[in-house]
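The values are calculated or read from the model by the stated rules, or taken from the named source; none is laboratory data. In this text, all values refer to a predicted model and were calculated from it rather than measured experimentally. Please note: Cβ atoms are built from the backbone with ideal geometry, for glycine as well, and neighbour counts cover all protein chains shown. In case anyone asks, the SASA skips ligands and DNA or RNA and just uses the protein heavy atoms, side chains included. Shrake-Rupley method; radii C 1.70, N 1.55, O 1.52, S 1.80 Å.
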Amino acid sequence: MPWIKMISENEAEGELAEIYSQLIEPWGGVDNIMKIHSLSIDSLKAHMLLYKTVMYGKSPIKRAHREMIAVVTSAANKCEYWVVHHGKGLFRLTKNQELVDQLKNDYKKANITNKEKAMLDYSYKLTLFPWDMKKSDVENLTKVGFPDKEILDINQIVSYYAYVNRLSDGLGVELENI
């Protein structure tokens, strides 16, 4: 149970019930990370928009790479909710459990391309040491072939997971029983 009140699907009324109906996942319910916003519909709507933008919006960053960033960022933050949640998402896309496990435990040992490693190095450093970021961190991404738009998208994905990792850990949001 989360540490604050969270309105369940069967308790939701009005606009909240309508929003929940749009958020029903294939497992048959609404993810707890969305329901934690149930006391603030504006916050819920803003979260939905941000999530859809960074994870499904128009971007040259592939879906699997977005999931890789989510897993590495969440693992660095030791956020079990998102490590498990996006580990499953990455597996659905790649069918590669070894890769998922490597990214959860130590992405530096993963069998990935140099470009992917540079992307994850940036993600990891931004997650744990944002005060140490330098222009050279962005230049490293440019050197391996990321144009500015992709660098912006990588940064926004990492930043989104910094937010939701703290949201789930700071309010005791538990993974759904699916």
(message) Please compute the Kirkwood hydrodynamic radius over region 76-178, one decimal place, Å, based on all pairs of different Cα atoms.
(response) 14.7
(message) What are the equivalent ellipsoid semi-axes of region 1-93, built from the alpha-carbon gyration tensor (square roots of five times its eigenvalues), in whole angstrom, biggest first?
(response) 25, 16, 12
(request) Step through the residues of region 74-87 one at a time and calculate ³J(HN,Hα) from phi using the Karplus curve (6.51 cos²θ - 1.76 cosθ + 1.60, θ = phi - 60°), rounding each to whole Hz and writing x for Gly and Pro. (result) 5, 5, 4, 7, 6, 9, 4, 3, 7, 4, 5, 4, 8, x
(request) Just the number, please: carbon plus sulfur as a percent of the accessible area of region 1-119, 1.4 Å probe, no ligands or DNA/RNA counted. (result) 53
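Report, please, the projected area of the chain averaged over directions, based on the convex hull of its C-alpha atoms, in nm².
That works out to 10.5 nm², a quarter of the Cα hull's surface.
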(request) With θ set to phi - 60°, apply the Karplus curve 6.51 cos²θ - 1.76 cosθ + 1.60 along region 42-58 and write out the HN-Hα couplings as whole Hz, x wherever there is a Gly or Pro. (result) 4, 5, 4, 5, 5, 5, 4, 5, 5, 4, 5, 5, 6, 9, 10, x, 5
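Give, rounded to the nearest 20 debye, the magnitude of the charge dipole that region 91-143 has about its Cα centre when Lys and Arg contribute +1 at Cβ and Asp and Glu contribute -1 at Cβ.
Roughly 120 debye, rounded to the nearest 20.
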(request) Evaluate the relative contact order of region 10-65 (contact order divided by residue number), counting alpha-carbon pairs under 8 angstrom at least 6 apart; express in whole percent. (result) 19
(message) Which aspartates and glutamates, if any, have their Cα less than 20 Å from the Cα of LYS58, not counting same-chain residues under 8 positions apart?
(response) GLU67, GLU116, ASP148, GLU150, ASP153
(message) For a test of understanding, tell me how many lysine pairs in region 102-145 have Cα atoms under 24 Å apart, given they are 8 or more places apart or on different chains.
(response) 24
(request) Starting from the Cα-Cα distance between GLU18 and ASN105, subtract it from 0.36 nm times their residue separation and give me the gain in nm to one decimal. (result) 27.4 nm
(message) Below 15 angstrom from the Cβ of SER59, what's the summed charge of the other residues (Lys, Arg +1; Asp, Glu -1)?
(response) +2
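What dipole magnitude, in Debye to the nearest 20, does the chain give about its Cα centre under +1 on Lys/Arg Cβ and -1 on Asp/Glu Cβ?
The dipole magnitude comes to about 800 debye.
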(request) Using the heavy atoms of the protein chains and a 1.4 angstrom probe, tell me the accessible area per residue for the chain in square angstrom. (result) 55
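Within the chain, what's the longest run with no trypsin sites (Lys or Arg not before Pro) in a DSSP loop and at most 13 other beta-carbon atoms within 10 Å? Give the range, please. Don't jump to the answer; show the numbers that get you there.
On the way: sites that count: LYS5, LYS58, LYS62, LYS78, LYS95, LYS134.
Of all site-free stretches, the longest is 6-57.
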